[in-house]
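The values are calculated or read from the model by the stated rules, or taken from the named source; none is laboratory data. Remember, predicted model here, so these are calculated numbers, not experimental data. With ideal geometry, Cβ positions are generated from the backbone for all residues, glycine too; neighbour counts draw on all protein chains shown. The area values use the complete protein model at the heavy-atom level, side chains included, leaving out ligands, DNA and RNA. Shrake-Rupley method; radii C 1.70, N 1.55, O 1.52, S 1.80 Å.
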Protein chains: 2
Amino acid sequence: MLSKKTKYGIKALTYLASQSKQDPVQISEIARHENIPQKFLESILLTLRNTGFLGSKKGKGGGYYLLKDPGEIPMTTVIRVLEGPIAMVPCVSLNFYEKCDDCPDENKCTVHKLMLQVRDSVLEVYRNNTLADLISA
Amino acid sequence: MLSKKTKYGIKALTYLASQSKQDPVQISEIARHENIPQKFLESILLTLRNTGFLGSKKGKGGGYYLLKDPGEIPMTTVIRVLEGPIAMVPCVSLNFYEKCDDCPDENKCTVHKLMLQVRDSVLEVYRNNTLADLISA
DNA sequence: AATTAATCTATTAAAACTATAGGGTAAACA
DNA sequence: TGTTTACCCTATAGTTTTAATAGATTAATT
């Protein structure tokens, strides 16, 4: 299951990406428009800022704004920051690899074999979708 | 993340599928061979029995055995029973559909749009893999 | 300089889910 | 009738998720 954190994060990013002007947008506006609990959204936007997706401006007229062109943001990077590993099992993860405690030999593990295929197919979907792709009709 | 329940369940099923004879196999043997906590495995095998994948026999010489040919068991059915919905969001689930609370219009939701693609690609992987495919070298 | 509108930080709490353990019951077999 | 094995119910420690609360900090505007 996708966490609400990730769901809300993607919604916020696409809302920002679909703005005509790239002026800062207030948290409250995003929260209202996308039906997201404001304080929860606040912490999500913060991690998106700390990981280089968003810039922020404090004080009157402040808010959040995208730092890059939506077409330059593949969903692989978004998902990894918000949700964590894309792989369903650590032993097939590219960025978060870990060996299984059980399982003496990965190459003979049927779960490994299956989840490798799942990882590859999901990865391809995320790679083929940028923020720009998601907001285009 | 794949739950251990699902991971252990798949391992148990493939262990049973790879037996040369289709005599009943004891829980303890599966647990030992696949490094699965026995009591946990017990409950997993029970749900696999109640959902029609396994048969069981009590008493001496008892144990669990596959009811169908491994080639007739696609992973879609296994995953749905052990892990639940394949979709990452209920609003794109085929068998467990639910509308989102937020989100007035699914067709305009970027998360929906992305997760539809993920569901389809994962589904294809599971459909293309039966138990028999997993145990073949 | 005062005010106000924002973002930032930290704590914590409820709820749900996960992974397991314990102990007793029932059936099959020898 | 005794042994072996699956079956069933209950409890629980731990983790993760999803927030809510309260306040501190920053910066533009007046």
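Table for the structure above
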{"quantity": "Gyration tensor verdict on the protein assembly as shown (Cα atoms; rounded if a/c is under 1.5, prolate if a/b is larger than b/c, oblate otherwise)", "calculated": "prolate"}
{"quantity": "Unit charges on C-beta of K, R, D, E only; dipole of the stretch B:57-137, Debye", "calculated": "520 debye"}
{"quantity": "For the stretch A:70-135, average projected area of the Cα convex hull in nm²", "calculated": "4.7 nm²"}
{"quantity": "Efficiency of FRET from Cβ geometry, A:Ser136 and A:Asn50, R₀ 45 Å, rounded to 0.05", "calculated": "0.95"}
{"quantity": "Alpha-carbon centroids, the stretch B:13-86 and the stretch A:106-137: separation in whole Å", "calculated": "28 Å"}
{"quantity": "Which listed pairs, of A:Lys39/B:Lys113; A:Lys11/B:Lys11; A:Lys113/B:Lys39; A:Lys60/B:Lys99; A:Lys7/A:Lys68, have C-alpha distances above 28 Å, in listed order", "calculated": "A:Lys11/B:Lys11; A:Lys60/B:Lys99"}
{"quantity": "For B:Arg49, net neighbour charge (Lys/Arg +1, Asp/Glu -1) across residues whose Cβ lies under 14 Å away", "calculated": "+2"}
{"quantity": "Relative frequency of Cα-Cα separations exceeding 28 Å in chain A, percent", "calculated": "28 percent"}
{"quantity": "Shape call, the stretch A:4-66: gyration tensor on alpha carbons, a/c limit 1.5", "calculated": "rounded"}
{"quantity": "Check: chain A dipole with +1 on Lys, Arg Cβ and -1 on Asp, Glu Cβ, in debye", "calculated": "620 debye"}
{"quantity": "Closest-to-axis residue of chain B (Cβ criterion, axis taking B to A), whole Å", "calculated": "B:Ser121, 2"}
{"quantity": "5 angstrom amide H check on A:Ser18, placed H, neighbours 5+ away", "calculated": "none"}
{"quantity": "For B:Asn128, label point 7 Å along C-beta direction: distances to other copies, nm", "calculated": "1.2"}
{"quantity": "Amide H partners (placed H, <5 Å) of B:Ile73, local residues excluded", "calculated": "B:Leu131, B:Ala132"}
{"quantity": "Sulfur and carbon atoms: percent of accessible area, the stretch B:4-66 [1.4 Å]", "calculated": "49 percent"}
{"quantity": "Positive-pole candidate from B:Ala17, A:Thr51, A:Ser20, dipole of the protein assembly as shown, charges at beta carbon", "calculated": "A:Thr51"}
{"quantity": "Label 7 Å beyond Cα on the Cβ vector: A:Lys58 copy-to-copy distances, nm", "calculated": "7.0"}
{"quantity": "Protein accessible surface hidden between A and B, which excludes ligands and nucleic acids, total in Å², probe 1.4 Å", "calculated": "3100 Å²"}
{"quantity": "Free-standing Cys residues across chain A, given no other cysteine C-beta under 4.7 angstrom", "calculated": "A:Cys91, A:Cys109"}
{"quantity": "Test item: Cα-centred dipole of the protein assembly as shown, Lys/Arg +1 and Asp/Glu -1 on Cβ, debye", "calculated": "620 debye"}
